Structures are given as C-alpha cells and as structure tokens.
Ligand SMILES: Nc1nc2c(ncn2[C@@H]2O[C@H](COP(=O)(O)OP(=O)(O)O)[C@@H](O)[C@H]2O)c(=O)[nH]1
Ligand SMILES: [Mg+2]
C-alpha cells in the first residue's frame, strides 16, 4: 500500500536530516510522527519513528549521546510495576513500605537509616507490585545512583511528614532536588517537550496524619499547593487508608491484567500477565510468546465489555481482568 506522505511530513524529515543536535532531531521526529497520515500503508513507518524516538530519548536521558558514558542504574523489575518511595529523611518511607508490603525494613528515629535501596513486594489482589524504598532526598548527602533508580521506576510516591511543621520546606526541597536531577513529578503532557527530563506519574502522601498538627499542616499545604497537587492522607495507624493506598498505586501504574486460557482448559487465574493500559490483543499474544503474534488466527475474550466467548480482532484494546483464549 502506498504511504502517500504529505508535504508537512517531508519538511519535518528535511529538518531531521539537517538537525544539528539530538534535541533538534528529537523534535523533528516527534513532528514527523504527529503529521504522518495514519493508515495501513504507513504503519511500519510509524512504528520505526516510534522506535527512533524512544531510543533517542533513552540516549539523551542517560547521557549516552553526549560523549563519555554516564553510569545508569536500575533495579531488576519484578511484578506488575515499580514504585519509587522518595522523600526527605524521616518522612516514614520505610515504615510505609513495611505497612504496605508486610515486610520489615529498617525504621529509625534518626535520619539516613536507609542507605541502600530496598525493594519489597506489595501484594495487591492477585498481583505483586514492587516498592523501592530509597535513601532520603537531601541536599547534604545523596548518592548519585538514587536519581538514576528513581527515573527507571514506573511511578513516584513522594512521602512527606505532615506531623512536622517544616512541611513546606520538605516539599520545596524535595521538588528542588528532583528537579535538579531532571525529574518532574507533575503529569504535564505538554511539558513532555523536553526529552532530557523524566516525567513520572506521582502521588504525594500526607503521612503521619495521626500526629497532633497534621490536620493543620494539611490545610497549610493545600493553601500553597492545592492547585498543583492533591494529597493522599494516611498513617501507620490507619489500616483502612493503607489498604486504599494499594488500590491508588495500582491505578496510577495504569496497567491491565490478563488471564490466559488455553482452548478446552480453565483459565489460569493465579498468574495474570500485566500490560500497560491501551495495549492490544496483538501485544498480548506477543507477550505470551514472541511467535504468537505472527501465528495468531483468532482469539476469544471473557469478561470486559464483550459478551462471553466473543471473538476479537488483533486491534482489540485489552481491559483489566480480561480472560483471553489465543487460537494459533
Ligand atoms: N506517628 C507516626 N510516626 C511514624 C509514622 N510512620 C513512621 N513514623 C516514625 O517516623 C520515624 C521515621 O520513619 P522511617 O520509616 O524510618 O522514615 P524514612 O527515613 O522516611 O524511611 C520513625 O521513628 C517511625 O517510627 C506514622 O504514620 N505515624
Ligand atoms: Mg528509610
């Protein structure tokens, strides 16, 4: 099928070829993708563009594109997603991880207890979500691998001590330190223009709400930051809110779980596949096995918004808790 590219596309392509640096190359590629006619004949080209954009973005973020290599750290992903727990010293990050994951990480009254990262698996329904308890954000002392790990996580949970009257300093300093390391916590899609910055979907935790001044501090926070951020209030004493927080984190990860079913068998309900929301049947087939996408003849779905056992096409968009039977 002919691609029938338009003049806008060709002009962006010219700019791509003539670009002086990665930043310009990135902008041109983004524009090429935005203006390319969206039909079957350009599907491959669109996929190539997306690959180029994502590779370039990675390179720019890890600094690979600028001469000497900078070290980049990440933690091996396990479970449905990776959550960075960040915040100032003593905010209760380790305690929160303990409460959510039911493990015992080191908690202490003095700052800087958590010197190395500590992943812990938080059970949520039939999934496990990986919490990464990190050393505190601090101007005085922060190891250089910490920002690198934060960037590699899927979402960021910023924990603040609402029992402490220095709350406004805590948030200002946290934002400043993150920003200094090119991490932004606002989910501002427009801002996504700058490929050197990592934008993370995030949640701000108003922690230690059991302490006397916490409610007043919360009002002060909202006065200053209410139009930018919303808060999730909790404390180690509030079991109900901790349970709800698990759901909140799951929602923020924006993933769906899919149960696979072999023809003639019961679905495998104990070990769902987890994919980003928006992925299709074809993506699912590929996740199950790299050859499946190619060999897929048809599939059926149970649950979701279809009737049970309905046949679905390759571009079917997956919904959470779908049971899918692949026919090869
Ligand atoms: N009152 C109260 N104290 C808490 C809460 N969570 C943590 N703490 C205390 O705050 C201190 C720091 O906790 P920790 O989890 O080590 O903080 P981190 O430095 O952010 O990891 C410890 O003394 C904890 O007992 C809470 O919800 N309420
Ligand atoms: Mg800690």
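Once the Cα atoms are used to define both axes, helix 214-225 deviates from the longest principal axis of the chain by about 50 degrees. Our helix-only sum for the chain, with -39,500 (n - 2.57) per DSSP H run of n ≥ 4 divided by its residues, gives a mean residue ellipticity at 222 nm of -11000 deg cm²/dmol.
For the chain, the share of alpha carbon pairs falling in successive 10 Å distance bins from zero is 5, 21, 26, 24, 17, 6, 0 percent. For segment 255-327, the Kirkwood estimate of hydrodynamic radius, built from reciprocal distances between every pair of different alpha carbons, is 11.9 Å. Dividing the mean sequence gap of close Cα pairs (under 8 Å, 6+ apart) by how many residues the chain holds gives a relative contact order of 12 percent. Between the Cα long axis of helix 43-62 and the first principal axis of the chain there is an angle of about 30°, rounded to the nearest 10. Per-peptide packing, taken as the mean over residues of other Cβ atoms within 10 Å, places 174-184, 43-53 in the sequence 174-184, 43-53 from highest down. Using Cα-Cα distances under 8 Å and only pairs 6 or more residues apart, what relative contact order does segment 82-253 have, in percent? Normalised by residue count, the contact order of segment 82-253 is 23 percent. For segment 185-257, the relative contact order comes to 28 percent (Cα pairs under 8 Å, sequence separation of at least 6). For the chain, the longest principal axis of the alpha carbon atoms and the long axis of helix 7-17 meet at an angle near 60°.
Among 164-171, 35-42, sorting by the average number of other beta carbon atoms lying within 10 angstrom of each residue, highest first, gives 164-171, 35-42.
No lab work stands behind these numbers, since they all come straight from the coordinates. Because the structure is a prediction, the values reported are computed rather than measured. Glycine gets a Cβ as well: all are built from the backbone with ideal geometry, and neighbour counts include every protein chain shown.
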